[in-house]
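Asker: This is the structure I have questions about; it appears just below.
The values are calculated or read from the model by the stated rules, or taken from the named source; none is laboratory data. Every value quoted in this text rests on a predicted model; they were computed, and no experiment measured them. In this analysis, Cβ positions are derived from the backbone assuming ideal geometry, glycine residues included, and neighbour counts consider all displayed protein chains.
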Amino acid sequence: MTFIVRNLQLVRDRITTACVSAGRQPDSVRLMAVSKKFGADAVLQAVSDGQRVFGENYVAEGVEKITALNAMLPADIALEWHCIGPVQSNKTRLVAEHFDWVQSVDRLKIAERLSEQRPADLPPLQVCIQVNIDAGATKSGVAPEDAQALAQAISNLPRLQLRGLMAIPEPAPDFVAACAIHTRARTLFDQINSAGGLLVAMDTLSIGMTADMEAAIQSGSTMVRVGTAIFGERAGRN
Ligand SMILES: *Cc1c(COP(=O)(O)O)cnc(C)c1O
């Protein structure tokens, strides 16, 4: 068993344990493997153990990996690629043409471009709104109080399917503090769904990474985004 396959199994065990202690079904949380800064070979190892959902931060790096893997994998193995990094206007076309999901939409202008540029022969692009849930000064993400209006606007765009919210809170000092911040994201998610005004209710709350997936699951995450615990430490920042 490779390092990556063993790690993947440990992460699945962590998710199952966290679900059990939160009184949740283990299949109520999806695992995204964040493969940024790792090559197609690392992705293939995770694929060999059944992983199908992957996340990339950098658009050019992601598109290169998606293209390489499409050429390598048999047609019956379909991966689901999520863009989880900042999307500038000049990158929307690449994202719309290559990714299945974008979790980092925080402005209507970017969403409109993605909708216009989504190729007609592909299914709608699946979208999460990134929310700056702890008001980190330097962070991207829409302010929590503006998330509902953005959700309603995105829900009306023809080539996008609004799926939920994504947040990247700052590291918290302990489990209780981490749960408190993740719970804010869960509460906002529930409020937007129950406010009405969406064509289809959101089903995805994307919170939790290597360091805080247990707290996120305890607080109602439906998708965790895990890099380091699967692929190992990344070189350089991020
Ligand atoms: C890098 C990254 C992750 C994964 O972080 P780890 O701590 O390595 O698990 C998750 N989400 C986003 C948005 C990231 O940029």
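Asker: Kindly provide the set of residues from segment 147-171 that are under 20 Å from the mean Cα position of the chain (by Cα) and farther than 24 Å from L122 by Cα, ordered by number.
Answerer: Across segment 147-171, the qualifying residues are A147, Q148, A167, I168, P169, E170, P171.
Asker: Which of the following residues is crowded, with 18+ Cβ neighbours inside 10 Å, touching a helix residue (DSSP H, G or I) at 6+ places or on another chain (Cβ under 9 Å) and in a strand (DSSP E or B): V95, V127?
Answerer: Values: V95 fails: in a strand (DSSP E or B).
Among V95, V127, only V127 is crowded, with 18+ Cβ neighbours inside 10 Å, touching a helix residue (DSSP H, G or I) at 6+ places or on another chain (Cβ under 9 Å) and in a strand (DSSP E or B).
Asker: For segment 116-143, how many residues are of a type in the set (K, R) and at pLDDT 95 or above?
Answerer: The number of residues fulfilling the criteria is 1.
Asker: Now, a different point. If you go through segment 203-216 one residue at a time, do you hit one that is assigned to a helix (DSSP H, G or I), over 17 Å from W101 (Cβ atoms), more than 16 Å from the ligand (Cβ to nearest atom) and touching a Gly at 6+ places or on another chain (Cβ under 9 Å)?
Answerer: No, segment 203-216 has no match at all.
Asker: So in segment 62-85, with the set limited to residues that are crowded, with 18+ Cβ neighbours inside 10 Å and among the small types (G, A, S), which one is farthest from R52 (Cα to Cα)?
Answerer: G85
Asker: I've got another one for you. Need pairs with beta-carbon distance below 8 Å; first residue at positive phi and within segment 208-227, second part of a strand (DSSP E or B) and near the ligand (Cβ under 6 Å from one of its atoms); sequence gap 6+ or separate chains.
Answerer: Matching pairs, first to second residue: G208/R225; G208/V226.
Table: residues versus (1) over 27 Å from L44 (Cα atoms); (2) aromatic (F, W, Y); (3) within 16 Å of the ligand (Cβ to nearest atom).
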| site | (1), (2), (3) |
| --- | --- |
| N70 | no, no, no |
| V95 | no, no, yes |
| Q103 | no, no, yes |
| A120 | yes, no, no |
| Q130 | yes, no, yes |
| L162 | yes, no, no |
| A167 | yes, no, yes |
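Asker: Then there is this: Taking the conditions exactly as written (exposed (fewer than 15 other Cβ atoms within 10 Å of the Cβ), at negative phi and outside any loop (DSSP other than H, G, I, E, B)), does Q161 satisfy them or not?
Answerer: Answer is no for this residue.
Asker: Which residues, counting only those in segment 207-225, are out of contact with any His (no Cβ under 8 Å at 6 or more places or on another chain), closer than 16 Å to R24 by Cα and among the hydroxyl-bearing types (S, T, Y)?
Answerer: The one that is out of contact with any His (no Cβ under 8 Å at 6 or more places or on another chain), closer than 16 Å to R24 by Cα and among the hydroxyl-bearing types (S, T, Y): T222.
Asker: I'm trying to understand the selection: among the residues of segment 17-50, which are of a type outside the set (S, T, Y), within 15 Å of the ligand (Cβ to nearest atom) and more than 16 Å from M213 (Cβ to Cβ)?
Answerer: K36, K37, F38, A42, V43, A46
Asker: Moving on. Could you grab the pairs with beta carbons closer than 7 Å, sequence gap of 6+ or different chains, first residue in segment 19-37 and on the phi > 0 side of the Ramachandran plot and assigned to a loop (DSSP other than H, G, I, E, B), second one of a type in the set (K, R) and within 10 Å of the ligand (Cβ to nearest atom)?
Answerer: Qualifying pairs under 7 Å: K37/R234.
Asker: Which condition breaks for A151 when tested against (1) more than 21 Å from A22 (Cβ to Cβ); (2) more than 16 Å from the ligand (Cβ to nearest atom); (3) assigned to a loop (DSSP other than H, G, I, E, B); (4) of a type in the set (G, A, S)?
Answerer: Single failed check for A151: (3).
Asker: Would you mind stating whether G227 is surrounded by 20 or more Cβ atoms within 10 Å (Cβ to Cβ) and either touching a Pro at 6+ places or on another chain (Cβ under 7 Å) or of a type in the set (G, A, S) (or both)?
Answerer: yes
Asker: In addition: Go through segment 49-92 and give me each residue that's small (G, A, S), more than 18 Å from E112 (Cα to Cα) and part of a helix (DSSP H, G or I).
Answerer: Scanning segment 49-92 gives A60, G62, A68, A71.
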